[in-house]
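Student: The structure is given below, and queries will be raised subsequently.
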Amino acid sequence: MNVQEAIEIVSQTSSGMVRSHNEDSVIYDASCGLVVLADGMGGYNAGEVASGIAVSVLSTEIKHRLESLRPEDKNESGEEIGVALLRENVRKANASIYSAAVSQPQYSGMGTTIVAGLFYDNRLAVAHVGDSRMYRLRGETFETITRDHSLLQEQIDGGMISKEDARLSKNKNLVTRAVGIDAEVEPELHTHPVQTGDIYLLCSDGLNDMVEDDDIGTALQMLRANLPLAATRLIEMANDNGGRDNVSVILVKVNGDFAAPRGWLAKLSSWFKH
Amino acid sequence: MAAKLILSMDGAVLKEYTLNKERMTIGRKPHNDIVIDNLAVSGEHAAILTILNDSFLEDLDSTNGVMVNGAQIKKHFLQNSDVVEIGKYKLKYMNDQQGQQAAAADDFEKTMVLRAPIKMQPGGAPQAAAPLGKVPGMEAAMKTQANLPPVLQSYERTGKFETAKPQAAAHPPVQAPAHAAPFAPSAPAAPATPAQPAAAALAAVQILNGPNIGKELDLVKNLITLGKPGVQVAVLTRRPHGYFITHVEGAAYPALNGKTLDEQPHQLNDHDIIELAGIKMEFYFKE
C-alpha cells in the first residue's frame with residue numbers, strides 16, 4: 001500500500017495552563033508521509049512566527065519536491081532524497097527565519113526547535129534541531145529516537161549528571177542548537193526501519209517536562225487503538241500536572257507495509273512521472 | 001537569583017552565602033570561600049560546583065566527612081532545602097526557583113539558546129566553547145552563561161554525581177496511593193518537579209455480575225482500561241477534578257446508568273453504574 005494508506009496521523013496542541021499564547025506549530029501531510037513539529041522562542045509573538053515559518057517551509061517545499069521525486073531514490077551524492085529533502089529544507093527554514101529576524105526588529109533573536117519525520121519505503125527519516133523529541137512505541141518498548149540538543153543532554157552525555165537526576169535539574173530550557181538564530185544550522189538526521197504496529201510520537205518539551213516518559217509510554221500503550229484519544233490524553237496529562245508550557249503532540253501509527261514498488265512497472269511509471 | 005547556603009550551629013544562623021561562583025570551597029583554612037574555623041573541619045573540606053541553576057556538592061576527602069539530610073555523601077546533586085552537615089555546623093541549601101518564577105513573569109522558564117554549543121569530546125570530557133550571545137528575551141541568563149566554561153572544565157575532574165539514595169526511603173510508603181502522581185521524586189522536596197495538583201479522592205469500581213461478581217478494583221492509577229482489546233474497551237482517567245470514562249475502541253459504546261455514551265469523556269459520579277461488554281460495575285468513592 002502507499003504511505004497514505006499505511007499510516008494514521010493525528011495532532012493536537014494546547015497553550016497549556018500558564019502561557020497566554022501558543023508558540024508551538026504542528027503540521028502533517030499524510031499524502032507524502034510528512035510530520036513536522038516546531039517549538040518557537042522569542043519575545044512578543046516572534047516565537048509563533050518562527051515556528052510557523054519552519055513548519056510551512058518544510059511542508060510546502062517537501063510536498064512540492066516529492067511531486068517529481070521519489071524519496072527512496074538516491075541523489076548525485078549518493079544520499080537518499082528523503083533525507084536530503086529534510087536537511088535542505090531545515091536549512092531553508094533557518095535562512096527564512098534568520099533573515100526575518102535580522103530585517104525586522106520585532107523578530108530579532110527569534111528561533112525555533114524542530115523535529116520532522118518523513119515516512120517512505122518502510123523507513124522513517126528524522127531531522128531534528130533543539131529539544132523537541134521523537135519517541136517510538138514498538139511492542140512494549142517506548143523510547144526516544146532523538147537526542148536533545150540541550151545543555152542538560154550534554155551534561156548527561158558527559159557523565160556529570162545521571163539520567164534519573166536530570167529531572168531534578170533546573171537547567172532544563174537551554175538548547176544548544178536552534179533554527180533561525182544563526183545564518184546556518186546543522187540538523188541531526190537519522191533513518192529508522194519502520195514496523196507495522198509502531199507508534200511514533202513527536203512532542204514539544206511541554207509534554208516531556210511535565211510527564212514522565214514511563215507515563216507517556218503507558219498511556220500510548222493503553223490507548224493505541226484510539227489515536228485521537230491518546231493525543232487528547234497526553235495533552236491532558238501535561239496540563240493536569242501544571243501545564244507550565246505550550247504542549248503539542250503528533251502521533252503516527254503504522255498500520256501496514258509501505259515498501260516502495262520496485263518492479264519494471266514501477267520504474268516505468270516513475271519514468272513517466274518524471 | 002542565585003542559590004544560597006545558610007550557615008548555622010545549634011539552630012542559630014551565623015551567616016548567609018550566595019553561590020555566585022562556579023566553584024566555592026568550604027574549609028577551616030582562611031582561603032576558602034566559606035570558612036568554618038573549627039578543628040572538626042578539614043583545611044579544605046568540601047566544594048560546591050554551580051552550573052547555571054544547578055549546584056553539586058563534593059567531599060574533598062575530608063577527615064570527618066559530609067552529611068546531606070542525615071546521610072553521608074561523597075558527591076551530591078543539591079536540591080532546595082537540603083541540609084548539609086559538617087561537624088556541628090549546618091548549611092541549608094536554598095534554591096527556590098519555583099517560587100521566584102511564579103512571582104516573576106513566565107520569562108524565566110522559556111526555552112533559551114546557548115549560542116555556541118559546548119562540545120563534548122568522545123571521552124566525555126567537556127570541552128567548553130564560550131556560549132556567548134543573545135538569548136531571546138532573557139538578559140539575566142546571559143550573565144550566568146558567562147560563567148559556564150570554567151565550570152564545565154572543572155567537571156572533568158569531579159565526575160558523576162548522584163542523589164543520595166536513602167532519601168527515597170524517607171517517603172512514607174502509606175502515602176503512595178494518594179500521590180498517584182506521574183513523578184516519583186527521589187528527594188523529599190523535589191522542587192524541580194512541578195507542583196502536583198491534588199488528585200481526585202480515591203475511588204473504586206465493583207463488578208456486579210458475571211464470573212468476577214463482587215470483585216473490586218481501586219482506581220489508584222491515572223489511567224485504567226476496562227474491557228476486551230479488539231472487542232470493546234473504555235478508559236477510566238483520574239484527573240485533579242474527578243474521574244472520567246471515555247470510549248476507546250469497539251463498535252459498541254459503554255453505557256452509564258443505562259444511557260449509552262458517545263465519544264466524549266463523561267465524568268463519573270458516586271454510585272454510577274457502568275455497563276461494558278455485558279459487564280455491569282458500580283463506581284464509588286472510597287473516601
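Student: Is region A:15-141 best put as rounded, prolate or oblate by its Cα gyration tensor, with a ≥ b ≥ c the root eigenvalues, rounded for a/c under 1.5, and otherwise prolate when a/b is larger than b/c, oblate when not?
Tutor: oblate
Student: Which order do the peptides A:234-247, A:180-193 take when ranked by the mean count of other beta-carbon atoms within 10 Å per residue, highest first?
Tutor: A:234-247, A:180-193
Student: Continuing with the same structure: Under 4 °C and 1.567 mPa s, how fast does region B:216-287 diffuse according to Stokes-Einstein, given a Kirkwood radius computed over C-alpha pairs? Answer in µm²/s, whole number.
Tutor: After rounding, the answer is 106 µm²/s.
Student: For a test of the definition: using alpha carbon positions, the gyration tensor, and the 1.5 limit on a/c, classify chain A as rounded, prolate or oblate.
Tutor: The shape class here is oblate.
Student: In Å, what Kirkwood hydrodynamic radius results for region A:111-227 from the alpha-carbon pair distances?
Tutor: In region A:111-227 this quantity evaluates to 15.3 Å.
Student: So if the hydrodynamic radius of region A:181-269 is defined as the Kirkwood radius over C-alpha pairs, what does Stokes-Einstein give as its diffusion coefficient at 10 °C and 1.306 mPa s, in µm² per second?
Tutor: The diffusion coefficient I find is 101 µm²/s.
Student: Testing the spin-label approximation: label points 7 Å from Cα along Cα→Cβ at B:I273 and A:Y44. State their distance in nm.
Tutor: Label-label distance for B:I273 and A:Y44, simple model: 6.1 nm.
Student: If you average the sequence gap of Cα pairs under 8 Å that are 6 or more apart and divide by the length of region A:3-273, what percent do you get for the contact order?
Tutor: Over region A:3-273, the number comes to 26 percent.
Student: Something else: Quick query: amide H of A:G256 versus all other amide H atoms, modeled in the peptide plane; which residues come in under 5 Å with a sequence gap of 5 or more or a different chain?
Tutor: A:G197
Student: Let me ask another. Apply the Karplus curve 6.51 cos²θ - 1.76 cosθ + 1.60, θ = phi - 60°, to the phi angles in region A:59-67 and return the couplings in whole Hz, x for Gly and Pro.
Tutor: Computed from phi, the couplings for region A:59-67 are 6, 5, 5, 5, 4, 4, 5, 6, 5 Hz.
Student: Longer than 32 Å from Cα to Cα, which of B:K90/B:K221; A:K163/B:K15; B:K90/B:K286; B:K21/B:K90; B:K21/B:K221 are they? Say none if no pair is.
Tutor: With Cα atoms farther than 32 Å apart: B:K90/B:K221; A:K163/B:K15; B:K90/B:K286; B:K21/B:K221.
Student: Projecting each Cα onto the charge dipole of region A:1-113 (Lys/Arg +1, Asp/Glu -1 at the beta carbon, about the Cα centre), which of A:S15, A:G78, A:N45 comes out farthest on the positive side?
Tutor: Of the listed residues, the answer is A:N45.
Student: In addition: Give the long-range amide H neighbours of B:A200: residues separated by 5 or more places, or on another chain, with amide H under 5 Å away, using H modelled in the peptide plane at 1.01 Å from N.
Tutor: Residues meeting the amide H criterion: B:R239, B:G242.
Student: May I pose another question? As an exercise, use a Förster radius of 35 Å and the Cβ-Cβ distance of B:D96 and A:K92 to find the FRET efficiency, rounded to the nearest 0.05.
Tutor: Efficiency, from the Cβ-Cβ distance: 0.20.
Student: Could you give me the ³J(HN,Hα) list for region A:224-237, computed from phi with Karplus coefficients 6.51, -1.76, 1.60 and θ = phi - 60°, whole Hz, x at Gly and Pro?
Tutor: Result, rounded to whole Hz: 4, 6, 9, 4, x, 5, 4, 5, 4, 5, 4, 5, 4, 4.
Student: Going toward the positive end of the dipole of region A:3-273, with +1 on Lys and Arg Cβ and -1 on Asp and Glu Cβ, which of A:L124, A:G242, A:L66 do you reach last?
Tutor: About the Cα centre, the residue reaching furthest to the positive side is A:L66.
Student: Right, next: I want the local charge near B:A200. Using Cβ-Cβ distances under 9 Å, sum +1 for each Lys or Arg and -1 for each Asp or Glu among the other residues.
Tutor: My count for the surroundings of B:A200 gives +2.
Student: A further question follows. For B:L223, list long-range residues whose amide hydrogen, built 1.01 Å from N in the peptide plane, is under 5 Å from its own amide hydrogen.
Tutor: Those qualifying (amide H under 5 Å, at least 5 residues apart or on another chain) are B:R238.
Student: What nm distance separates the two modelled labels at A:S68 and B:K228, each placed 7 Å from Cα along Cα→Cβ?
Tutor: 5.6 nm
Student: If the chain between A:R262 and A:E143 were fully stretched, how many nm would it gain, using 0.36 nm times the residue separation less the Cα-Cα distance?
Tutor: Result for the pair: 39.6 nm of gain on full extension.
Every number here is computed from the coordinates shown, using simple stated rules; none is lab data. Predicted model only: the values in this text are computed from it and were never measured. Note: ideal-geometry Cβ built from the backbone for every residue, glycine included; neighbour counts use all protein chains shown.
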